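These notes concern the structure reproduced below.
Just so you know, all these numbers are worked out from the coordinates, no wet-lab data involved. Worth saying up front: this structure is predicted, and the values here are computed from it rather than measured. When we count neighbours, we look across all protein chains shown, and the Cβ atoms used for this are built from the backbone with ideal geometry, even at glycine.
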Amino acid sequence: MKTEHSTFSLSGYTLHRIDFDPATFTDTDLLWLPHHAQLSPAGKKRKAEHLAGRLAAFYALQQHDLRYIPAIGDNRQPLWPYGWYGSISHSGTTALAVVSREPVGVDLETVCSTEICDEIADSILSPAEHELLKSSELPFPLALTLAFSAKESVYKALSFATNDIPGFTAAHVVAINGQHITVQLTAAFAPALAGRICRLAWLRINNQLVTLLPKTLQSA
């Protein structure tokens, strides 16, 4: 599969980016992955995305002198080397990965269209969140995509603290501006984290958004 690797920085972290051409993907490309047999039932799109994500993770780990490809966990999560945390995301034909010694979460999303916003807003936002985003300095489709992405990043960073997959109502957006978005966790996310405030950095690249939850978490 044809790929291109690049990096960029956000909130003090180096994010590794893979742009890929899924039309050039073949099943033999997966042989690079030790766990390639687990992907045999997947469709071509899923295989190409997975490969790009693991390639981004490989580069991210290589930056720290670790030659390692994350395997697939029981809940389909990446399995990182002992003592390391990481996160992978993909959208369209781009994949991102970041690694750290502390929990970290990254998410990549394409900005939603107005039509998509109308369809999904009620399933992602509470009425209070909806009003907050509407009154922000950001266009509503951008703000809604950020809210969706931020909640995804929080889950990726803190999934070790919950046994279930929390819904979007388990984290509430409480602040948003041109550089950060802040969410507060509820007991529905994890009782031990109820009230926790998570401040995420975000960045727009063309029509895509990146949200990143770094190690610094502030208590309510």
| query | For segment 162-189, which residues satisfy the criterion of being assigned to a loop (DSSP other than H, G, I, E, B) and either touching a Lys or Arg at 6+ places or on another chain (Cβ under 9 Å) or not polar (S, T, N, Q) (or both)? | reply | Asp164, Ile165, Pro166, Gly167, Gly178, Ala187, Ala188, Phe189
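Can you pull out the residues in segment 49-96 that are of a type in the set (Ser, Thr, Tyr) and outside any strand (DSSP E or B)? It would help to see each step written out before you state the result.
Taking segment 49-96 first, the residues of a type in the set (Ser, Thr, Tyr) are 59, 68, 82, 85, 87, 89, 91, 93-94.
Within segment 49-96, Tyr59, Tyr68, Tyr82, Thr93 qualify.
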| Any idea which of Ala170, Ala161, Ala194, Ala143 is among the small types (Gly, Ala, Ser), in contact with a strand residue (DSSP E or B) (Cβ under 8 Å, 6 or more places away or on another chain) and touching a residue at least 24 places away in the same chain (Cβ under 8 Å)? | Ala143
| request: Can you tell me which residue within segment 18-58, out of those that are buried (at least 18 other Cβ atoms within 10 Å of the Cβ), touching a Ser or Thr at 6+ places or on another chain (Cβ under 8 Å) and not small (Gly, Ala, Ser), is farthest from Ser87 (Cα to Cα)? | output: Phe20
| From the set of residues in segment 1-48 that are acidic (Asp, Glu) and in a helix (DSSP H, G or I), which is nearest to Gly178 (Cα to Cα)? | Asp29
| query | Which residues, counting only those in segment 94-123, are farther than 22 Å from Asp21 by Cβ, touching a strand residue (DSSP E or B) at 6+ places or on another chain (Cβ under 9 Å) and among the polar types (S, T, N, Q)? | reply | Ser100
